[in-house]
Amino acid sequence: DIGNDEQLYECPMCSLTCTNIQILEEHVELHLEEDSFSEGGNLRDLELAQWLQTEEEKRQRSEEEKREKEEFKKLQRQYGLDNSGGYKQQFLKNMEREVDRGKMEPFEYHKRKADMMECLAFGIDDGKTKTSGVIEALCKYYQNENKDVRRVWLSTGVDHFHSSLGDRGWGCGYRNFQMLLSSLLQNSLYNDCLRDTMQIPSIPKIQSMIEDAWREGFDPHGASHFNNRLHGSKAWIGACEIYSLLTNLRIKCQIIDFHKPTGPMGTHPRLFEWILRYYSTDNEGGAKVVCTSKPPIYLQHQGHSRTIVGIEEKKNKTLCLLLFDPGCPSQEMQKLLKQNSDGTSLRLLRKFVGSLKEKQYQIVTVDGVLSLEEKTARCRASRVLTSEKIP
């Protein structure tokens, strides 16, 4: 107990009572030091938190940039823009793989290499993936077919070309151009336009022809996507490149864009209706089988392209496209040359409305020849290359 005559000192910060002023001062100083340490500690904690946040943001940005670079490289590989070589390099590499697996003899490798190099030197296709006479065989088949086809319209004669060791996985656009060109070469209307292209060009030659169109001024935006170079690459091409190539040859064509589904379940009935009008206009009459003078149609969707060579109208009024697919090998296409009464081989070609359910389709159609003035005008217009959109 403290006596009544003893002086007491109360701490102003914690109400502690001291009997000595010096003790109180020391006690208060401890309070002040503690507060100072606490404030400094809070400041250091804030700085540390900010630093950690900054480092985390840097790490996230770095990972995002790395992800974007990987995605870009993946897209470059997917679309053949990764400088990994083109048709010739892939052809040789795949043949070497066949030799290593024992599926090709060395002498055959050297023979096929020599043949390939000769064709590339002349810029012509070797014809090893070509099947001719399918349209003529179809015409005969439909004349005898009496089950469910009410009418059928067929394009002019078309050779089928399928992908080879050199372009497997990326060459569909070039192969479809070869199909279209094979039809145009049989039509005297295009003799003048194609006087320098009397044989089907090889894929590297087609790449050079597209580059020629770009140098003429066609589709500069599209050309920049490929860095103005296709030759020596495995770059995929689409409707715009086909349009530029044909127009540069003075062949009149147009791109039509079916940019959204027009039927239930993501289907495109208006695409089928448009194709029917294309083939049936000026080809009306009572004949069941109509062999038209119309060239085939280039059909493009995301990741693949095919060639439309005709259309069926069933007895129940449904429509069915007939397509040549570059992915279909010659052995399968040649089955169509035989008169098969049950039509099972036609499954290779037939596509009903429910079979085409991509989000968007583009077609390229050919309709005559351009004058030099018309070609120049289309070249200027292609600087903002647009397609006709079907609403």
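The values are calculated or read from the model by the stated rules, or taken from the named source; none is laboratory data. Owing to the predicted nature of the structure, the values given are computational and were not obtained by experimental measurement. Glycine gets a Cβ as well: all are built from the backbone with ideal geometry, and neighbour counts include every protein chain shown.
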Residues of segment 96-127 satisfying the condition of being among the aliphatic types (A, V, I, L, M) and surrounded by fewer than 11 Cβ atoms within 10 Å (Cβ to Cβ): Ala114, Ala121
Residues within segment 223-232 that are part of a helix (DSSP H, G or I) and surrounded by 13 or more Cβ atoms within 10 Å (Cβ to Cβ), tallied: 2
Residue match in segment 258-271 (condition: closer than 30 Å to Lys375 by Cβ and either surrounded by 19 or more Cβ atoms within 10 Å (Cβ to Cβ) or not assigned by the TED database to the domain that holds Lys140 (or both)): yes
Pick from segment 165-222, criterion of a type in the set (S, T, N, Q) and in contact with a strand residue (DSSP E or B) (Cβ under 8 Å, 6 or more places away or on another chain), ranking: surrounded by the fewest Cβ atoms within 10 Å (Cβ to Cβ): Gln199
Complete set of residues in segment 298-345 that are hydrophobic (A, V, I, L, M, F, W, C), touching a residue at least 60 places away in the same chain (Cβ under 8 Å) and surrounded by fewer than 19 Cβ atoms within 10 Å (Cβ to Cβ): Cys328, Leu337
Test: residue in segment 271-283 that is farther than 22 Å from Gln360 by Cα and at pLDDT 95 or above: no
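Yes/no matrix, rows are residues, columns are (1) part of a loop (DSSP other than H, G, I, E, B); (2) more than 29 Å from Lys128 (Cβ to Cβ):
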{"position": "Ser208", "(1), (2)": "no, no"}
{"position": "His221", "(1), (2)": "no, yes"}
{"position": "Lys234", "(1), (2)": "yes, no"}
{"position": "Ile242", "(1), (2)": "no, no"}
{"position": "Leu246", "(1), (2)": "no, no"}
{"position": "Gln254", "(1), (2)": "no, yes"}
{"position": "Asp257", "(1), (2)": "no, yes"}
{"position": "Trp274", "(1), (2)": "no, yes"}
{"position": "Arg277", "(1), (2)": "no, yes"}
Residue match in segment 137-157 (condition: of a type in the set (A, V, I, L, M), under 27 Å from Cys119 (Cβ atoms) and either outside any loop (DSSP other than H, G, I, E, B) or at pLDDT 95 or above (or both)): no
Residue selected from segment 346-387 under the condition modelled with pLDDT of 95 or more, polar (S, T, N, Q) and crowded, with 16+ Cβ neighbours inside 10 Å, by the criterion nearest to Ala213 (Cα to Cα): Thr365
Subset of segment 160-206 (residues that are within 18 Å of Pro329 (Cα to Cα), touching a residue at least 60 places away in the same chain (Cβ under 8 Å) and assigned to a helix (DSSP H, G or I)): Cys172, Gly173, Tyr174, Arg175, Asn176, Phe177, Met179, Leu180, Ile203
Hits in segment 134-164 - residues which are within 30 Å of Asp196 (Cα to Cα), of a type in the set (S, T, N, Q) and in contact with a strand residue (DSSP E or B) (Cβ under 9 Å, 6 or more places away or on another chain): Ser155, Thr156
Residue in segment 284-294 that is crowded, with 23+ Cβ neighbours inside 10 Å and in contact (Cβ under 8 Å) with a residue 24 or more places away in the chain present: yes
Flag if Ser188 is of a type in the set (Ser, Thr, Tyr) and within 20 Å of Gly327 (Cβ to Cβ): no
